[in-house]
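Working notes for the structure below.
No lab work stands behind these numbers, since they all come straight from the coordinates. Predicted model, so just to flag it, every value in this text is computed and none were measured. As a convention, Cβ positions derive from the backbone with ideal geometry for all residues, glycine included, and neighbour counts pool all protein chains shown.
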Amino acid sequence: MTIKPEQLRFCESHEWAYVQGDVATVGISAFAVAELTDLVFMAMPKVGQKVVAGQEFGEVESVKAVSPMYSPVTGEVVEVNDPLANQLETLNSDPYDAGWIMKVKMSDPSELEKLLTWEAYQKQCGQS
Amino acid sequence: MSPQLASTPLHSWHQSHGARMAEFAGYEMPIQYEGIVAEHVATRTAAGLFDISHMGRLRFDGPRADQLLDHLLTRRVMDMQVGQVRYSLMCNEEGGILDDVLVSCLESPSGKVYFLLVVNAGNHAKIVQWIKPHLADFPDVEFFDATESTAMIAVQGPQAIEICKPLLPSNAISLGYYKAKVTDQMSKPCIVSRTGYTGEDGLELIVRKEDAPRVWENILMAGRNLGIKPAGLGARDTLRLEAGMPLYGHELDESINPLQAGLGFACNLSDRDFVGSKSIADIKANSPVATRVGLKLAGKRAARQGASVLDHDSRVIGAVTSGSFSPTLDCPIAMAYIHPDMAQSGAELQVDIRGSIVPATIVPLPFYKRTNTK
């Protein structure tokens, strides 16, 4: 599958969601990866974990600092990209596909409307 | 809150070369250009170029300048010869550390001997205030704060000296470790010092602020085939941490005394009286309350300042003061203050990283020691 960023929805806090039916695939944006630089660790979510839109589901650590990751949607984690934790460089090369973090079975798909389009997100990053 | 930040004479260079800027000690400083790890590795393997103009540069002139400084510094100053540099602390009467500094004894081109004190940016204003009443006792000592009129640039790494060869007179290139000289570069005045804060060989240059951009560009040009990179405060922090060097506000503050910090070598207690000397002598006679140690952590996560250090029964025995992932050792490292009974090298401890308990081992400081000592 090839995902284009235009097909994604974004949080202001730099996470993205790709929706197929009631499942959202979640990752962090290329902009976030570039801002963090030198990633060394990611605390991954677990299958079965409940996540809430706008709340922390894991954290990513660079040489410089630790940053929380916030879920764009509410629901239950049904799949986790565990190999990513040992290949964080994937986030540099392919943040919107191979760099996915978790898949969430959404309990409230209407939340998606609150997320930013690619265009709006790019505008935010240009301003920040 | 005052949002007005000071900037160094190299500020516009940093901005136009993609540096990520952030506030540090009241200055807007470059944190990184290409990335902390790339800049760190360049400094360990070739050279890094650092703008450290935010550091305070205080000059003391007059025949009794040595007496004044001998009274203010934990390290003996009275016997310093022209060209010598010493690492020292400044303490309050209780022996708490006010700052850690480098003091240099220099000779101007006209033959005047004077002293230069390089203080931390974050302590600059505090130290100037603290010195003032002491200056009143030495009316013949002339004090000049040269921070704003000058810039300070560090070239650090195994290629640092080679890179500077075409730019500096040979008597500056041949300076010994912890030696300094007033000289010139490209016929402009310059103080060269064989010192640094990275664990590598290298030089620190003080130049007039108007000369700084050209000196900076010249060094980058001279080092372009030798792998030099501009490096920000991010890499400066990981480099000094690997080198086991304390940072004020982390390992050092007014609640810490020099003996706890493992800096007893910087206190010359015999035959002299300086601010805090009685307290430090008392502390020396009794046992210390906590000791600075190095920790190597399991896994990939770094323990940051404030993380608790635990013994095997999960009792808190200390706290982390600095921590980062170490690019050279490829594992997380930290410095911490812990109970002295637990501070044996090799001891297996644990660190609480935001709720996760991670195994940690005490290792000797520094974590990294260069092999190309000259």
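Taking the Cα centre of the protein assembly as shown as origin and assigning +1 to Lys and Arg Cβ atoms and -1 to Asp and Glu Cβ atoms, the resulting dipole is close to 1140 debye. Between region A:20-45 and region B:54-92, the alpha-carbon centres lie 51 Å apart.
With no solvent and one equal point scatterer per Cα, compute the Debye intensity ratio I(q)/I(0) for the protein assembly as shown at 0.08 Å⁻¹ and report its log10, rounded to two decimals. So the normalised log intensities work out to -0.58. Where the alpha-carbon atoms of region A:7-117 are placed on the principal axes, they occupy 36, 28, 22 Å, in descending order. In order along region B:196-204, the phi-based Karplus estimate (6.51 cos²θ - 1.76 cosθ + 1.60, θ = phi - 60°) of 3J(HN,Hα) comes to x, 9, 10, x, 10, 5, x, 10, 10 Hz; Gly and Pro are listed as x. Classify region A:60-100 from the C-alpha gyration tensor, please: rounded if a/c falls under 1.5, else prolate or oblate depending on whether a/b exceeds b/c. Judged from the Cα gyration tensor, region A:60-100 comes out oblate (a/c at least 1.5, b/c at or above a/b).
Backbone geometry of region B:88-96 corresponds, through the Karplus equation with coefficients 6.51, -1.76 and 1.60 at θ = phi - 60°, to 3J(HN,Hα) couplings of 8, 10, 10, 10, 7, 4, 7, x, x Hz, x marking Gly and Pro. Counting Lys and Arg as +1 and Asp and Glu as -1 over every other residue whose Cβ lies under 15 Å from the Cβ of B:Ala347, the net charge comes to -1.
Give me the distance between the Cα centres of region B:107-132 and region B:289-353, rounded to whole Å. Rounded to whole Å, the Cα centres lie 35 Å apart. The string of couplings for region B:69-75 from the Karplus curve (6.51, -1.76, 1.60, θ = phi - 60°) is 5, 4, 7, 8, 9, 6, 9 Hz, one whole number per residue in order, with x for Gly and Pro. Among the lysines in region A:5-109, how many pairs, 8 or more places apart or on different chains, have alpha carbons under 22 Å apart? The number of close lysine pairs in region A:5-109 is 4.
Taking a ≥ b ≥ c as the square roots of the eigenvalues of the alpha-carbon gyration tensor, chain B is classed oblate because a/c is 1.5 or more while a/b is no larger than b/c. Our summary gives chain B a relative contact order of 18 percent, counting only alpha carbon pairs under 8 angstrom and 6 or more residues apart.
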